Amino acid sequence: MVDTSGANGRFRRVLYIGRFNPVHLGHIEALKYIFGREGKSGEIIIGIGSTQHSHSLKNPFTAGERLLMLRRALLEYGFPLERVYVVTIPDIERNALWVSHVESYCPPFSRVYSNNSLVRRLFKERKYEVLGIPLINRKEFQGTVIRNLMLHGGSWERYVPKSVLDVIEAIHGLERIRELQETDY
């Protein structure tokens, strides 16, 4: 682990990783929490995971589309972009090597925010400080629920930022998900 406290310990760089398929209001609340904890000088790396996957019911959007959604949502909610790094991280199927893999895609960081038990375990084993994020409305603010609502004609729009809704409409994401149901098992 590299010291990321900066000159005289004036800043800290942290990692928040997710699939963002799609970016939803739960992600926005998590980012608000992280920015609030890290103070005015903290930098945040947002890692978009599973970026080699797209056009499936679990991962309907491409890495580029998720980058676009995230950037537009960050702008919509006024996050300080000068303190944000967004990186794409493809999966590997070797958990023992996964943290090194993530590190190779990111600027150095010293702390990880995650509620995923495997992610937490893997980073703790590598001596990172790992913190949880309060879950807000978890029954609705999760990608699986939102994608299912999209698939079955439910009211999903209220769970994503307006900017993300605009991206999904522009790329015909709703039609894509519904067509994928015909071919994806």
Subject >> Sequence-separation-based contact order of the stretch 7-180, relative, with Cα cut under 8 Å and 6+ spacing, percent >> reply: 30
Original post:
Which FRET efficiency, nearest 0.05, do Glu129 and Gln52 yield, Cβ-Cβ r, R0 25 Å?
Top reply: 0.30
Subject >> Too-long pairs where the Cα-Cα distance tops 26 Å, listed order kept, from Lys40/Lys139; Lys58/Lys127; Lys32/Lys162 >> reply: Lys40/Lys139; Lys58/Lys127
**OP:** Run the dipole for the chain about the Cα centre, Lys and Arg Cβ at +1, Asp and Glu Cβ at -1, nothing else charged, and hand back the magnitude in debye, nearest 20.
**Re:** 720
Subject >> Furthest towards positive pole of dipole, Val167, Gly64, Gly18, structure part the stretch 7-180, Cβ charges >> reply: Gly18
**OP:** Could you state the orientation-averaged shadow area of the convex hull built on the Cα atoms of the stretch 7-180, in nm² to one decimal?
**Re:** 9.9
Original post:
Any idea what the relative contact order of the stretch 93-185 is, in percent, if you count C-alpha pairs under 8 Å spaced at least 6 apart?
Top reply: 18
Original post:
How far, in degrees from 0 to 90, does helix 173-183 lean away from the longest principal axis of the Cα atoms of the chain, to the nearest 10?
Top reply: 70
**OP:** Relative to the longest principal axis of the C-alpha atoms of the chain, give the angle of the C-alpha long axis of helix 95-105, reported between 0 and 90° and rounded to the nearest 10°.
**Re:** 80
Original post:
What number, rounded to the nearest 500 deg cm²/dmol, is the helix-based mean residue ellipticity at 222 nm of the chain, given -39500 (n - 2.57) per DSSP H run of at least four residues and division by all its residues?
Top reply: -12500 deg cm²/dmol
Subject >> Alpha-carbon centroids, the stretch 40-91 and the stretch 94-120: separation in whole Å >> reply: 16
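All of the numbers you see were taken from the coordinates with simple rules; none came from a lab. Please read all numbers here as calculations on a predicted model, not as lab measurements. Cβ: placed from backbone, ideal geometry, glycine included. Neighbour counts: every protein chain shown.
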